[in-house]
Amino acid sequence: MGSPRESSPTLNLVMLGPPGAGKGTQAERISRTRRLPKISTGDILREAVHNRTPVGCAAREDMEAGRLIGDEVMIAIVRERLSQEDARNGFVLDGFPRTITQASALDRIVDGRGPLVVLDIVVPEEVLVRRLASRRICGECGQNAAVDWLSVCGKCGGQLIARIDDGTEIVRERLGVYHRQTVPLVDYYSARPTFRRIDGNLPPDVVTDAIDTALAEASARGVHL
Ligand code: AMP
């Protein structure tokens, strides 16, 4: 006789994709439906900047210029966050890893905790530039907001603002950084049976359905989700 499962199935999810691909929106949805923590390194850093912590003060200039923060700092942040109780049965990582060094550190951090499932969200560059130009976040809590249906933050009522790093010039820099430093991760992960490419140039609900299908397929192939 089998004993009852002591814990929920694990889902260690990595959302890959360029800025503006919709990683944050989809990560939020998966996190809600599967009751897993969404861990966004961009959000963690923005909060650190807002609170003027030492990490935030050191990161601010690079973030505003669209450059990546050093691997050592980012790996330490993620290692600490993944060691917390709520990440024991899985997590949704948004914005990490972004370099090969971060990806291999992540493999070591999650060693023995079940496989990583990696979704690469693909969106054409001109669509990304358009999306980022109209993106707004809450100046108070940092939540992303769709400008076309909200004039204040739906979560806390705060004023909506454009992200400094969503300006056209900085977006070009961020996309360049993405191509140089993050695209190599596709090669790093693509041979794994738990890697999936997702078309992100579709309405958000259609993308969510495609992600659910991809996760169900991964599950059917023996990944316990
Ligand atoms: P995001 O909200 O994911 O677009 O991140 C905003 C900014 O935070 C990036 O442009 C980087 O400056 C920094 N950042 C976030 N995640 C990372 C990471 N994994 N490695 C290095 N820098 C990061």
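Filtered by the rule that a residue be part of a loop (DSSP other than H, G, I, E, B), closer than 23 Å to L68 by Cβ and open to solvent by less than 50 Å² (accessible area, probe 1.4 Å), segment 137-163 gives G142, R163.
Screening the candidates R98, R79, R108, R130 for the property of being more than 26 Å from P9 (Cβ to Cβ) and part of a helix (DSSP H, G or I) yields one hit, R130.
In segment 164-202, of all residues being within 14 Å of the ligand (Cβ to nearest atom) and among the small types (G, A, S), the one that is surrounded by the most Cβ atoms within 10 Å (Cβ to Cβ) corresponds to G167. Taking the criterion of being of a type in the set (G, A, S) and not in a helix (DSSP H, G or I), the residues of segment 15-44 that qualify are G17, G20, A21, G22, S40.
Given the criteria open to solvent by less than 30 Å² (accessible area, probe 1.4 Å), within 12 Å of the ligand (Cβ to nearest atom) and more than 17 Å from A27 (Cβ to Cβ), does A105 qualify? Against the criterion (open to solvent by less than 30 Å² (accessible area, probe 1.4 Å), within 12 Å of the ligand (Cβ to nearest atom) and more than 17 Å from A27 (Cβ to Cβ)), A105 qualifies. The residues in segment 45-63 that are part of a helix (DSSP H, G or I) and more than 8 Å from the ligand (Cβ to nearest atom) can be counted, and the count is 11. All of L68, L45 fail the test of being within 18 Å of D94 (Cβ to Cβ), open to solvent by less than 40 Å² (accessible area, probe 1.4 Å) and either in contact with a strand residue (DSSP E or B) (Cβ under 8 Å, 6 or more places away or on another chain) or modelled with pLDDT of 95 or more (or both), apart from L45. Would you confirm whether any residue within segment 89-98 is out of contact with any strand residue (DSSP E or B) (no Cβ under 6 Å at 6 or more places or on another chain), open to solvent by 10 Å² or more (accessible area, probe 1.4 Å) and modelled with pLDDT under 95? Scanning segment 89-98 turns up at least one residue that is out of contact with any strand residue (DSSP E or B) (no Cβ under 6 Å at 6 or more places or on another chain), open to solvent by 10 Å² or more (accessible area, probe 1.4 Å) and modelled with pLDDT under 95. Here V117 meets the list (1) open to solvent by less than 10 Å² (accessible area, probe 1.4 Å); (2) within 15 Å of the ligand (Cβ to nearest atom); (3) closer than 22 Å to P184 by Cβ almost entirely, failing just condition (2).
The values are calculated or read from the model by the stated rules, or taken from the named source; none is laboratory data. Quick caveat, the model's predicted, so the values are computed rather than measured. No Cβ is skipped: glycine too gets one built from the backbone with ideal geometry, and neighbour counts run over all protein chains shown. Ligands, DNA and RNA are excluded from the accessible area calculation, which covers all protein heavy atoms including side chains. Shrake-Rupley method; radii C 1.70, N 1.55, O 1.52, S 1.80 Å.
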